[in-house]
Amino acid sequence: MNEEKNNIPEKKGSSSPKDPRRREVLKSLATLPFAGALIYGAFRKKQFEHYKHNKLLQTLSLGTREDQPVYAPPARKGDESVLGIGVIGAGSRGIDLMRSAGFIHPSLMDEWIMEKRINRQDNRIDIFMGQEDLSIRINGVCDVFTVHEQKALEASANIYRNGKDGKKGNPATVYKDYRDLLKAKDIDAVIIATPDHWHAQMVIDAAKAGKHIYLEKPLSLTVEETLAMEEAVRENDVVFQVGHQNRQIESHEKAKEVIRKNILGKISLIETFTNRNSPEGAWVYDIDPKANPHTVDWQRFLGSAPAHPFSAERFFRWRCWWDYSTGLTGDLFTHEYDAVNQVMHLGIPDSAAATGGIYFFKDGRTVPDVMHVSFEYKKLDLNLLYSATLANSKNRKKSFYGHDGFMELDQDLVVYADRDSTKYKEAIDDGVIPTERPMVTHIPGESDIDAITSATQQYFASRGLLFTYRGGQQVDTAHLHIKEWIDAIRHGSEVSCGIQEGVEEAITAHMGTVSYRKGQKVFWDADKKQIVTS
Amino acid sequence: MLVALRVAIGWHLMYEGIAKLLQSGWSSYAYLMDSQGPFSGFFHDLASNPGVLRVVDFLNIYGLTLVGFSMIIGLLSRYAKMAAILLLLFYYLAHPPLITAEYLFPGEGDYLWINKNLIEMLAVAVLLVFPTGHIIGVDRLIQNFKNERRKK
């Protein structure tokens, strides 16, 4: 009691001077709880998003980020003897492939450097200079047009990646006849980028000469050619790669995972497209004024094609005629088909039915500019549609329709759940899986496919915009594809688009072409290895 | 009311910072690349240089968080408000609501010349003119401390 009595006056005495100070402190820190509340709220929100995200990944069996395969080109081993390469066909595509292999034409180098000075965001020069040195030399070039020949020579000498005034190495040897190039001892492998009607003979001859082959698509003009090429490549055991550089696109690797994990459910329809709307897109390329019967070896260009007087138009725009080309199916559908085939391993279809015509470019061409082909895969209960027009440029993306989801595939990848999905019904009802926005996406440059959470990512994904920034630098897919081929030659590793894939691509394309040209549905007779009409 | 306004704006800025901090791999790259208007070249340049972009990202994430926190608790609020005005001015200049501008980033409203960034910036300017940190805020404590030292 005494203590209490003694304490009371002390408390009273001390409280009166402290009260104003307490008030001061209270006023000073009055808003501090708001900061605490915000941090608590942010933490709870993050927890909720984390829970939702994990539940979505769990539902889709996507696992954790660490579990997912990350695209990586094969590593080099170190025993790098320099490989000698021959380039057969050095038109625009051949020159592009030389650049992808590391040999840029000096004037293009100057142009890109200049462009970079004007526009700092133009990173083509950075991408090129960032390319790995494949330890190869272009030792031979062959083209029927002297201007192409000269250009290829200049590019072949640009071993130090310089502009016109920079240091150069020795240029390649020029061969008028590709057969002589194939005989050269300093040629280990060839890149073939000629018109389609030359592919078969050149591949067969190169394989017989023991040269490894990188061949631009499409493989061939006919089924017979395709089978002969397959035999030559297999018998001579050369490393063969079809130039479908989209095999190297990151999003295709991710799409394989989506299919492997059955995220879309039973797929019954796949749509593929080509949309272009310019003369160049329709193969009406510029005609070089230097092209004439003296500068173009016209007979060598024709080869086994039907005889025709010299025509600069046919020489530069050969894709417009069946004599040298396979039109939409061979030139453009093959890209689409190969993308689907690498993701789904469809193989050759049972049947094909095509329609179309020359509706817009009435310029004397024989190949159609608008086309639809419906391919049936009976055992898979699946239809693959190809829809193409060269007179409208709307961007339509490869679309995979499954019972439980829908996937759009291009440089990016977006997956939507189907609102009537059986598999995801519960998750959709619980709000774990959205149906009005993508549930899975892959944005180029990021290493994983993911269930997206941020509004920005959702938006960019839904618009299919390409911002390759994180998770690695931008790369030229053709460079990766050539590198894969070179690695396979050196180290015996696998190529991603070998003769098997090439044959499947070619036969499928030819079924579309034959159906269009015959005006009737065609079938693949797997026993006789023939396209038949009944 | 001014204190409430200060806390509310501080809250908004701080959460913008924290949200970016918690979102792994967040970058201002896309926002900067989406810039339009007379200053777009400057913002594109910021985005195109990876080193500069890292600095911009860092300043955005931690700058917003710190500025917001300072405004909420009223600590060094004069400097925090000046920094907030600068940040908001950059956001406004990067994405000005011009007649001809069409942005990829989704907006939640319709704007012409004046948008919420500008309004928020003006509101912070009002708070700068009529400071409240020394009334309710840690700045009051600092001021009292300074006064007491002066008296001694």
How much net charge surrounds B:Val55 when only the other residues with a Cβ under 15 Å from the Cβ of B:Val55 are counted, with Lys and Arg +1 and Asp and Glu -1?
-> 0
Shape call, segment B:40-119: gyration tensor on alpha carbons, a/c limit 1.5 = oblate
Beyond 16 Å, what percent of the Cα pairs of segment A:233-272 remain?
-> 60
Partner chain coverage, peptide A:19-26 - average Cβ within 10 angstrom | 1
For the protein assembly as shown, with only Lys/Arg (+1) and Asp/Glu (-1) charged at the beta-carbon, what is the dipole magnitude about the Cα centre, in debye rounded to 20?
-> 3480
Averaging sequence separations of C-alpha pairs under 8 Å and six or more residues apart, then dividing by the length of chain A, give the relative contact order as a whole percent.
-> 17
For segment A:265-420, what is the relative contact order in percent, using Cα pairs closer than 8 Å and at least 6 residues apart in sequence?
-> 34
Which peptide among A:31-37, A:139-145, A:114-120 comes first, and what is the full order, when sorted by highest mean count of other Cβ atoms within 10 Å?
-> A:139-145, A:31-37, A:114-120
Placed amide H near B:Gly74: partners under 5 Å, 5+ positions off or other chain = B:Val138
Short to long, in 10 Å steps from zero, the percent of alpha-carbon pairs of chain B per bin is 11, 35, 32, 15, 5, 1, 0
Percent RCO, i.e. relative contact order, over chain B, from Cα pairs under 8 Å lying at least 6 residues apart = 30
Tell me, what ³J(HN,Hα) does each residue in segment A:524-534 have, in order and in whole Hz, if you take phi through Karplus 6.51 cos²θ - 1.76 cosθ + 1.60 with θ = phi - 60° and put x for Gly and Pro?
-> 9, 8, 5, 6, 7, 6, 9, 8, 10, 9, 8
Under 12 Å, Cβ to Cβ, from A:Gly265 - net charge with Lys/Arg +1 and Asp/Glu -1 | +1
Taking the highest mean first, how do the peptides A:228-236, A:279-287, A:333-341, A:504-512 order by number of other beta carbon atoms within 10 angstrom per residue?
-> A:504-512, A:333-341, A:228-236, A:279-287
Order by protection proxy (mean Cβ within 10 Å, highest first), peptides A:367-374, B:46-53 = A:367-374, B:46-53
Against the rule of thumb 2.2 N^0.38 Å, how large the Cα Rg of chain A comes out | 1.28
List, in order, the whole-Hz ³J(HN,Hα) value for each residue of segment A:32-49 obtained from phi through the Karplus relation with A = 6.51, B = -1.76, C = 1.60 and θ = phi - 60°; use x for Gly and Pro.
-> 4, x, 5, 4, x, 4, 5, 4, 4, x, 5, 5, 5, 5, 4, 4, 5, 5
Number of partner chain Cβ atoms within 10 Å, mean per residue of B:136-144 = 4
Which whole-percent values make up P(r) of segment B:1-76 when all C-alpha to C-alpha distances are grouped in 5 Å steps starting at zero?
-> 3, 17, 20, 18, 16, 14, 9, 3, 0
Antiparallel %, DSSP beta bridges [both residues in the protein assembly as shown], to 5 = 60
Please state the charge dipole magnitude for segment B:9-120, taken about the Cα centre, from unit charges on C-beta atoms (+1 on K and R, -1 on D and E), reported in debye and rounded to the nearest 20.
-> 420
Which pairs, out of A:Lys362/A:Lys529; A:Lys167/A:Lys483; A:Lys379/A:Lys518; A:Lys217/A:Lys256; A:Lys164/A:Lys185; A:Lys266/A:Lys483, put more than 27 Å between their alpha-carbon atoms?
-> A:Lys362/A:Lys529; A:Lys164/A:Lys185; A:Lys266/A:Lys483
Can you pull the mean other chain C-beta count within 10 Å for peptide A:29-42?
-> 6
Out of residues 5 or more away from A:Phe310 or on other chains, whose amide H comes under 5 Å of its own, with H placed 1.01 Å from N in the peptide plane?
-> none
Long-range amide H partners of A:Gly405 with built H, under 5 Å | A:Asp418
Estimated inter-spin distance, A:Asp110 and A:Ser268, nm [label 7 Å along Cα→Cβ] | 6.1
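Rule-based calculations on the coordinates, nothing more; no lab input. None of the values given here were measured: they were computed from a predicted structure. In this analysis, Cβ positions are derived from the backbone assuming ideal geometry, glycine residues included, and neighbour counts consider all displayed protein chains.
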